[in-house]
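Visitor: For reference, the structure I am asking about is given below.
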Amino acid sequence: MAKARNFIGSWAFLIGVILAVVLGLIPVTLTPTFTIILVIIGIVIGLFNITEKETSSFLLTGIALIIASSFGMVAVSSVPRLSTVLVDLLILFVPATIIVAIKNVFVLARN
C-alpha cells in the first residue's frame with residue numbers, strides 16, 4: 001500500500017509541476033477546468049506524496065514557495081508569462097500545503 005501511495009504521489013507531483021509550468025508558458029488563459037485540475041493534483045500531492053517524516057520539510061518549503069511566488073509575481077510582472085507560471089504553481093502548491101498542514105495538526109493532536 002505504501003508503494004502505491006508513493007507511486008501515485010510521485011507521479012502527481014511530477015505531472016502537476018510540469019502542467020503548471022506548461023500552462024503558465026503557453027499563451028492560454030487559465031480556465032476554471034485547468035484550475036480545478038491543478039487543485040485536484042495539489043490535493044493528491046498533499047494526501048499521497050508527503051510522509052509523516054517529510055511533513056516539516058514540506059511545510060517549510062511549501063510556505064517559502066507560496067510566499068516567494070506571491071511576492072515574486074509583482075517583481076517579475078514585466079517578464080512575459082513568468083508571473084503566470086508563478087500563479088499556476090501557487091494553484092498547485094497551496095492545496096498541497098494546506099492538506100499536509102491539516103494532516104500534521106491531526107498527528108500533533110493524536111500525540
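Every read-out reported here was derived from the displayed coordinates using simple, explicitly stated rules and does not represent laboratory data. Keep in mind it's a predicted model, so treat the numbers as computed, not measured. In this analysis, Cβ positions are derived from the backbone assuming ideal geometry, glycine residues included, and neighbour counts consider all displayed protein chains.
Visitor: What is the Rg over Rh value, at two decimals, for the stretch 24-83, using alpha-carbon atoms and the Kirkwood definition of Rh?
Guide: Rg/Rh: 1.05.
Visitor: Mind checking the log10 I(q)/I(0) for the chain at q = 0.14, 0.20, 0.21 Å⁻¹? Debye, one equal scatterer per Cα, no solvent, two decimals.
Guide: With one equal scatterer per Cα and no solvent, log10 I(q)/I(0) is -0.57, -1.03, -1.10.
Visitor: Only four residue types carry charge here, +1 at the Cβ of Lys and Arg and -1 at the Cβ of Asp and Glu. Report the dipole size of the chain about the Cα centre in Debye, rounded to the nearest 20.
Guide: Around 240 debye, computed over the chain.
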